[in-house]
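The values are calculated or read from the model by the stated rules, or taken from the named source; none is laboratory data. Please read these numbers as outputs of a predicted model, since none were measured by experiment. Counting neighbours? That spans all protein chains shown, and the Cβs are built from the backbone with ideal geometry, glycine included. Just the protein is used for accessible areas: all its heavy atoms, side chains included, with ligands, DNA and RNA removed. Shrake-Rupley method; radii C 1.70, N 1.55, O 1.52, S 1.80 Å.
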Amino acid sequence: MIHYLYQIAQQICLSMPESEEFVSHGSPNFRVKKGKIFAVFAQNFHGDKRVALWLNSPPGAQAAWAEPSAPANSDADYFVPPYVGPRGWLGVRLNRGLALTHVYDLVCEAYVNTAPRKFHALIGRMPELTPPELALDAEAEQSRVDDSQRSVLEPLREICLALPETSEQAQFGHPVWRAGKQTFAQLLMTSARTGIAFWADGESQSLLLDDPRFYVPPYIGHRGWIALDVSYEFSWDEVRDHLLQSYRHFALQRMLLELNNALS
């Protein structure tokens, strides 16, 4: 997970105009080319158990987001980082499920506060982020699936693998199902909750969020994904309908033709 968060942070920071990465005191730093640092990726700094970006945010941002009196081991999403905190820097935890669009906006603010004005107009829209592929062997996967999660995993697996040209893999420690090479379903397993994630168009996503059973999953939600919290009551028929919609979005034409023939 730390490797994943680092690569996501790296992609966001390096999307800023004329930005570059270098290592200082063992941590990745991001600066305007040969200029000032606007972000630092800090992992478990002095044992604080945080995975975070330290951002050279504009005046007022630290006061708006962080609680200055919070202890160093606080679980808050935002904090005053050591050493650079007195200069207005803002700490943003990446392992708390903050929307990546929000993290991107905070990085943009830090960049604008740091970079020469001539670069400001070159900032574009948030890039399409590409998660790194991390393999997890089957034995490791099974060891992290408890009985309640396995009761969801088995029927979910049956639905997904019944569709044309699908396969099951592990990504970032979670089982995922692919239509060809494209992921269309995931079982998200965290200590907080277990969710069945799938792609939905913008209108469907908005409607589903009116239902307390559904939530926007971190890291992938900005790309149209939504998840069903399985601690609520649900039916496998409705799950199948959502998965079919997601599958149709990613599947190739020959796969859709096979699916339509099977359903007719």
(Q) Out of everything in the range 233-264 that is in a loop (DSSP other than H, G, I, E, B) and either surrounded by fewer than 12 Cβ atoms within 10 Å (Cβ to Cβ) or among the polar types (S, T, N, Q) (or both), what residue ends up being modelled with the lowest pLDDT? (A) 264
Q. Quick one: how many residues across the range 143-161 are closer than 17 Å to residue 248 by Cβ and either modelled with pLDDT under 95 or in contact with a helix residue (DSSP H, G or I) (Cβ under 6 Å, 6 or more places away or on another chain) (or both)?
A. 1
**Q.** Residues of the range 66-119 satisfying the condition of being under 24 Å from residue 4 (Cβ atoms) and among the basic types (Lys, Arg)
**A.** 93, 96
Q: Those residues that are open to solvent by 10 Å² or more (accessible area, probe 1.4 Å) and part of a strand (DSSP E or B), I need them from the range 161-188; list them, please.
A: 166, 167, 168, 169, 170, 171, 174, 178, 182, 183, 186, 188
Q) Which fully enclosed strands (runs of 3 or more DSSP E) of the range 9-106 have 3 or more residues being aliphatic (A, V, I, L, M) and either under 30 Å from residue 190 (Cβ atoms) or touching a Cys at 6+ places or on another chain (Cβ under 8 Å) (or both)? A) 37-43, 51-55
Q) Does the range 25-66 hold any residues that are over 17 Å from residue 15 (Cβ atoms) and β-branched (Val, Ile, Thr), and which are they? A) 51
